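Heads up: the structure comes next, in structure tokens.
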Amino acid sequence: MNICALFGGPHAKGNTATLLEEVLKGANSTGHETKRLDLKDMDIQPCKGCLACKKPHATGCVQKDDMPQVLAAVREADLLIFATPMYWWNLTGPLKNAVDRFFALPFNAVSGESAFAGKKLLLVMTSGQPSASDGREGLELILKKMCSFTGMQWCGVVTAGTNAAPVSQQPDVLLAARQTGAAL
Ligand SMILES: Cc1cc2nc3c(=O)[nH]c(=O)nc-3n(C[C@H](O)[C@H](O)[C@H](O)COP(=O)(O)O)c2cc1C
């Protein structure tokens, strides 16, 4: 499979990146192709909500930034990873901005016109709370809705709490992440 990770965190080597890298290493070990896009290093503007991308004969978003690179990677991917620290029970702003801009692609699986149909979605998330499941259910519900509307398959969550110790000092968590990646 082609796996594309959209990394929404601010720290290239922080907790979330460390957890994501284990998932990607696991995926590489079983022959999957992986790509990581660090959104913090890219110019991804918020969606303007102008709907120009949905007009007849539209050729995409009117904004000129790095989003075409993201959308090309999303189109190529069989599996998308949203990798983000939990910010106020949610994705970070940069990742949410990129997801909003998915609007420029066809996304309605009900009408049979979804660029996402058949893809898989995995969430890789760290949070301060030791029990990262505490408070994550709202976001999971949203992502599951997104999956069913766009025709993606929900693959669940790889997660870690970081208040007690950074991810790099949690060998069980790192092993579980690598095993999940290998089993994708
Ligand atoms: C702006 C902001 C909002 C946060 N919101 C939450 C939250 O809602 N719940 C939580 O458990 N931790 C929250 N945290 C803690 C981070 O999710 C946690 O420290 C995470 O592991 C940081 O990952 P990083 O090292 O990849 O940046 C927040 C941190 C910041 C900076």
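A short reminder: the numbers here are calculations on the coordinates, not readings from a lab. Only a predicted model underlies this, so the values are computations on that prediction, with no experimental measurement involved. Cβ: placed from backbone, ideal geometry, glycine included. Neighbour counts: every protein chain shown.
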Here the net charge surrounding Ile142, from other residues whose Cβ is less than 12 Å away from its Cβ (Lys, Arg +1; Asp, Glu -1), is +2
Per the helix-only model, the chain has a calculated mean residue ellipticity at 222 nm (DSSP H runs of ≥4, -39500 (n - 2.57) each, divided over all residues, rounded to the nearest 500) of -10000 deg cm²/dmol
Using a Förster distance of 25 Å, the FRET efficiency for Asp78-Ile142 (Cβ separation, nearest 0.05) = 0.70
Largest fluctuation, Asp78, Asp38, Asp100 only, Gaussian network model of the chain with Cα springs under 10 angstrom, belongs to Asp100
Considering only the other residues whose Cβ falls under 13 Å of the Cβ of Gln63, what net charge follows from Lys and Arg at +1 and Asp and Glu at -1?
-> -1
Sorted by Cβ density within 10 Å, fewest first, the residues Leu37, Leu175 = Leu175, Leu37
In Å, the Kirkwood hydrodynamic radius of the chain over pairs of distinct alpha carbons?
-> 16.7
Please arrange Ser148, Ser114 by counting, for each residue, the other beta carbons lying within 10 Å of its beta carbon, fewest first.
-> Ser148, Ser114
Under a Cβ-Cβ cut-off of 14 Å, what is the net charge of the residues other than Ala183 that fall near it, where Lys and Arg count +1 and Asp and Glu count -1?
-> +2
Amide H within-cut-off set for Ala109, under 5 Å, with H built and near neighbours excluded = Thr150, Gly151
With +1 at each Lys and Arg Cβ and -1 at each Asp and Glu Cβ, the charge dipole magnitude of the stretch 2-182 around its Cα centre, to the nearest 20 debye, comes out at 380
Using the number of other C-beta atoms within 10 angstrom as an exposure proxy, rank Arg101, Arg178, Arg36 with the fewest first.
-> Arg36, Arg178, Arg101
